[in-house]
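What follows is calculated from the coordinates using simple rules that are stated; it is not laboratory data. All figures in this text were calculated on a predicted structure; none of them were measured in a lab. Because the Cβ atoms are built from the backbone with ideal geometry, glycine has one as well, and the counts that use them run over all protein chains shown.
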Amino acid sequence: MSTQLRRMRRDWDRRARENARFYVATLQDQWSEEEFYRSGDATFEEQILTDLGNICQGKDPRQMQVLEIGCGAGRVTRALGRYFGRVYAVDISAEMVRQARRALAGFPNVSIFRNNGLDLSALGGNWWSRLGIGRKLQLDFAFSCMVFQHISSREIIESYIREVNRRLRPGALFKFQVQGSSRVSADAADTWVGVSFSEREAREMAARCGFDMRYHTGAGTQYYWLWFFKEREIG
């Protein structure tokens, strides 16, 4: 696994240096800054604003602490930061994190971290002491879009999901998207095409990781969205 994580970090740093916006959102080769972040607003509107009942569950968004896994250059992070009270975002690529921090410099409620590509250990240590937050940060919502579809290891994906479980408050939602097309074949050496999940495999993973998979959409496609609600703590 360590070899695969090093490869992921290397490849995503290279992609970020070459053309970060394209590799985050491949709909067009060249994005202006305005177009890029407007596309993030569109994703936010489609996946967040239409689903506030499941996401907020009656809480005031300005009082919520949320997590984004795989923030890239901050495409969706800016929209999250405008809506929620506190946003934490992680990415495996140091170059993506650098670009995202620059883009979110005017958002004091957003903190962006480079993580190890396997867990959320970046959400701890000296950063949190300086922010006045204990090591046991409890999140109200977690989100990931167009990230796990690039991870060819079920073990890595499941590690992330277990880590999210530990950070979420009971009953909170982790909404994320995986590769659902059985027509693709993931190679451990590939950091672009991720492993595919069927509905059965997704439900089994949810159960192992302490979640209830209440909804799903896009099964059999590249954009297979899953709603995992936390049921129990994973030790």
Seminar exercise, completed: Taking a label point 7 Å from the Cα of Arg214 along Cα-to-Cβ, the residues of region 37-64 whose backbone nitrogen sits under 17 Å from it are 47-61
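Among DSSP beta bridges whose residues both lie in region 2-230, state the antiparallel percentage, nearest 5.
On the way: 12 of 31 bridges.
Counting DSSP beta bridges with both partners in region 2-230, the antiparallel share is about 40 percent.
What value, in deg cm²/dmol to 500, does the helix sum -39500 (n - 2.57) over DSSP H runs of n ≥ 4 give at 222 nm once divided by the residues of the chain? Can you show the working numbers first?
Numbers: 8 runs with 89 residues, N = 235.
Result for the chain: -11500 deg cm²/dmol, rounded to the nearest 500.
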Exercise. If you place +1 on the Cβ of every Lys and Arg and -1 on the Cβ of every Asp and Glu, how big does the dipole about the Cα centre of the chain come out, in debye to the nearest 20?
Worked result: 800 debye
